[in-house]
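Everything on this sheet refers to the single structure shown next.
No value in this document is a laboratory result; all are computed from the given coordinates. Predicted model, so just to flag it, every value in this text is computed and none were measured. Cβ placement follows ideal geometry from the backbone for every residue including glycine, while neighbour counts extend to all protein chains displayed.
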Amino acid sequence: MTDQENVRLEVTIDPRLVPIIGRSQYSSHPLTIVTRELLQNAIDASKRQGTTKQVAVVIKYPGYGVENGVTITVLDHGDGMTPNIIRDKFFKLGATSKEDDPESVGGFGIAAASILSNDEWAIRTNDRVFTSQDYRNGAFTRNKRFRQGTSVFVRITGRTYFTDVVKAFQMIYYSDVDVKLAILDEHGRKKFYDPHAGFRSLGEPQRLPESTAQCELSILPKVRIGGVEFGYDDTGSDIVRIGGLVQFANRSSNERQTNLIFDIKPDHKPGDLNYELSASREEIRGPISEFVSKQISHHTTNAISSLKAVLEPEKPKDARLTPGKMATGTRLVRFKSFKAEHWSSQGWQEIDVQSVELTETGNLIITSKSGLSWKFEDPTIESAIDRDGQAIEFDLDVNRLAQMLGFGSRSELRSEMRKRKEQKSQNAAIAFFNKNYTCSAEELELHTKIVETWCDILQQIAPMGESFGIGVIKSAYAEAERTNYNGDTFYLINPFSIAEEPDIEGMVARLWLTACHEITHKEAWTHDEKFTILMGRHIADTTKTFFLQQKKWIRMLQ
């Protein structure tokens, strides 16, 4: 090429950078993303070919946390990849053949990077084969006789644990597919085989009336995914799908005995700035995210009501409530939460009221026709707390509320609310909730001090106006829990977990940070970036209180 020749402007990328780019796109484990992408591409290829032959998924899982030991192979009988598709779509990051269909998911796009970013992979499609070694060496595809369709093999780079296999299972079992699924051990022997893995095998979900035109909400009780020897009971999961295929799954609660399935119907096309999912398809964006977050929060906070939507549960045998007054937070929060900013712009006319209830504790419970509920604790009803405990603003017609409850005026309603609250507060003991907790006589004294300190810390740092009870929980997995019982919020602490600290100073610091964690769950249920930011703000907002009260809390534990 001479200095006078024109140059074609084309961006290329060094193969060594692909792993960095690919892994930076996703927050989930590589096995989760690779399973999702290979499954969805295989299903789409089979549809284009018009074949009814099943897609096969084979995962080799040598054991817990083995380095680079897990592999996945997905085989389909679809239309395969032509040389043009291999060159212009698969190896061109960001390219896709599905930008015109809002409900199409798969395609190559940036998803190819999730495959290429692993150290070892091999693809056979129609009569061609190419591997990770060929790619790094800049070699051509090779001709090798193969049947119609595509087979993709990927060795997952890094450590893989059973929880990562669980996520991969969710990609398959919560999708509207019918695939052959096999799990192999390190010797290639079958640990588990399901000839019809997919959503239908989990049972019939129930569609909930809260569904909207853009998002259909369904619910399933606890389900068994996988077999008896290689499987698990899935509960408390939130599944987001497009076109019947899972995009991502999170777990809101280990206690909620239901799974929520959100079927999103995007208004925009992939690649649009307003597309409802992020580039990695691990997060919902736009107005629909508010609906999803609200439903997750409602079902997680009201776990028993959520379960009643699909079955009549037995009353928990180990849950014991000791009635009493509700404690009240005293901290003036010096920052606005994301949720509060959103709700401050909404008014009374947007709530289609189904019923209004005045409780014995002097609170108002307002339920909308869509099934959502809010609890109003302040007798002035100028600021309000929703049923999750989140501070929000509503423009309420209090006179209308009074009439609905049979009072002559708003002043009569307020007076009755104050009266009931005063009667409730005459009981000096704070409402106490016991969830599966027992301890020995030797442990009782320290555990009592931990609970008393926990209660004092919460009253110091909980937002002003929030009312709550306290309690204890015994769990191998939970250090604390923010739960709802009969419409009231309870902050439960696991004394066994706190007692593990070697010194009292450590116990106090752990109780404070745990309280900040649980308070944050008023605004964010999933442990995502939003949760991290909000928890950091609560910690910063209460640090001064911690240092001022630290000596007092240490004395309470001595």
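Computed quantities for the displayed model
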{"item": "Highest to lowest packing among 445-458, 142-155, scored as the average C-beta count within 10 Å", "result": "445-458, 142-155"}
{"item": "Average Cα contact separation per residue, the stretch 178-306, under 8 Å, 6 or more apart, as relative contact order %", "result": "17 percent"}
{"item": "Relative packing of peptides 550-556, 29-35 - highest average C-beta neighbours within 10 Å first", "result": "29-35, 550-556"}
{"item": "Efficiency of FRET between residue 532 and residue 272 - r from beta-carbon atoms, R0 25 angstrom, step 0.05", "result": "0.35"}
{"item": "Percentage relative contact order, the stretch 428-557, counting C-alpha pairs under 8 Å, at least six apart", "result": "26 percent"}
